[in-house]
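Following: one structure in structure tokens, then a few remarks.
The values are calculated or read from the model by the stated rules, or taken from the named source; none is laboratory data. Remember, predicted model here, so these are calculated numbers, not experimental data. Counting neighbours? That spans all protein chains shown, and the Cβs are built from the backbone with ideal geometry, glycine included. Heads up: the accessible areas ignore ligands, DNA and RNA and are worked out on the full protein's heavy atoms, side chains in. Shrake-Rupley method; radii C 1.70, N 1.55, O 1.52, S 1.80 Å.
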Amino acid sequence: MEILGIDIGGSGIKGALVNAETGEMLTERFRIPTPKSKKPKDMAKVVAKIVDHFDYKGPVGCGFPSIVKNGVCKSPGNLDPSWVGVNIDELFTEYTGHEFTVLNDADAAGYASMNYGVGKGKNGLVIMITIGTGLGSGAFYNGVLIPNFELGQIPYKKYKKIEKWAAASAKEREDLSFKKWGKRFNKFLKLVELIVCPDLIIVGGGTSKKWEEFSHHIDIETEVIKAELMNHAGIIGAAVACLREQHHGHLH
């Protein structure tokens with residue numbers, strides 16, 4: 001079964017067709033930069049362009065970089081504040097004419113790892129951390145998603161949320177070496193360990209491609225492994241979640 005998966009990030013919106021049984025990407029990833037305004041209607045137009053690019057006819061799964069509850073955006077994350085309260089499922093359905101299932105982007109990446117990747121068959125509390133513009137986190141207990149586990153939102157020192165200090169965007173903004181940034185990321189993981197005491201942490205997102213550059217700075221008791229699906233996990237997981245999660249934007 002072919003399903004279109006879309007992964008929305010702070011810098012780019014990406015999509016591909018996915019085999020929902022195997023988790024295999026059936027097409028090349030198609031990417032359009034996230035509109036500078038990061039406002040709902042502007043981003044919905046880009047999502048519609050991605051759907052049109054694949055000449056796709058079915059339901060769409062979509063990972064979104066914020067807290068999503070029953071399809072509704074509850075926090076702006078790194079997007080425009082006007083997103084708060086928007087039913088993302090319905091907005092994207094209105095702009096594309098397709099049913100949408102939208103979930104948090106780290107939850108989507110976690111779905112991919114837990115169904116097809118290093119998390120497959122792993123029981124207990126597994127936390128997926130995605131490093132990008134922010135720090136996303138997805139939580140699974142015995143393979144079942146616990147939605148909206150937003151650990152990147154923890155306040156830290158003068159920062160309203162620790163992701164402002166420890167995400168890849170902080171590394172770029174402050175031109176940090178992998179050593180300096182790696183120590184910050186390790187501090188974040190220590191807080192995750194203290195608060196939720198997971199059995200396993202899986203690290204994904206764009207920066208996980210540079211795993212060898214910073215993994216030796218990770219020093220916590222919990223086992224930490226790299227997500228091998230890397231940057232495609234959000235797309236693959238969103239497509240799978242489209243089948244598993246039942247809050248579709250409805251066609252009228």
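Each of Ile146, Ile225, Trp181 was scored by the projection of its Cα onto the charge dipole of region 107-246, and the greatest displacement toward the positive side belongs to Trp181; charges sit on the C-beta of Lys, Arg, Asp and Glu. Solvent-accessible area of Met25, all protein chains in place: 50 Å² (probe radius 1.4 Å, heavy atoms, ligands and nucleic acids excluded).
Annotation: the antiparallel percentage among DSSP beta bridges lying fully within the chain is about 60. For the chain, the dipole from Cβ point charges (+1 on Lys and Arg, -1 on Asp and Glu) about the Cα centre works out to 1100 debye, to the nearest 20. Within the same chain, aspartates and glutamates fewer than 8 places from Lys164 are excluded, and of the rest, those with a Cα less than 13 Å from its Cα are Glu172, Glu174. Of the trypsin sites (Lys or Arg not before Pro) found in region 80-160, those that fall in a DSSP loop while having at most 14 other beta-carbon atoms within 10 Å are Lys120, Lys157, Lys158, Lys160. With a Förster radius of 22 Å applied to the C-beta separation of Ser177 and Glu212, the computed FRET efficiency comes to 0.95. Cross-link check: pairs Lys14/Lys209; Lys69/Lys158; Lys160/Lys183 evaluated at a Cα-Cα cut-off of 22 Å; pairs beyond the cut-off: Lys69/Lys158. Atom-type composition of the exposed protein surface of the chain places 50 percent of the accessible area on carbon and sulfur (1.4 angstrom probe).
In the assembled protein chains, His217 presents an accessible area of approximately 40 Å² (probe radius 1.4 Å).
Greater than 21 Å separation of Cα atoms is the criterion. Which listed pairs, Lys38/Lys180; Lys74/Lys190; Lys171/Lys226, meet it? Flagged as over cut-off: Lys38/Lys180; Lys74/Lys190. Mean-square fluctuations from a GNM of the chain, with a 10 angstrom spring cutoff on Cα atoms, peak among Val126, Val47, Val196 at Val196. Over the chain, dividing the summed -39,500 (n - 2.57) contributions of all DSSP H runs of at least 4 residues by the number of residues returns a 222 nm mean residue ellipticity of -9500 deg cm²/dmol.
Taking region 190-210 and a reference point 7 angstrom along Cα→Cβ of Asp219, the backbone N atoms nearer than 14 Å belong to 190.
Couplings 3J(HN,Hα) of region 122-131, computed from phi: 8, 9, x, 8, 10, 10, 9, 10, 10, 9 Hz, in residue order, whole Hz [Karplus 6.51 cos²θ - 1.76 cosθ + 1.60, θ = phi - 60°; x for Gly and Pro].
Restriction of the trypsin sites (Lys or Arg not before Pro) in region 1-109 to DSSP coil positions whose beta-carbon has at most 12 other beta-carbons within 10 angstrom yields Lys36, Lys57. Segment Arg244..Glu2, full-extension length gain: 85.7 nm, with 0.36 nm per residue of separation and the alpha-carbon distance subtracted. Probing with 1.4 Å while keeping every protein chain in the model, the per residue accessible area of the chain equals 45 Å². By a 1.4 Å probe calculation restricted to protein chains, Val118 has an accessible surface near 40 Å², given to the nearest 10. Looking at region 113-252 alone, DSSP beta bridges between its own residues are antiparallel in about 55 percent of cases.
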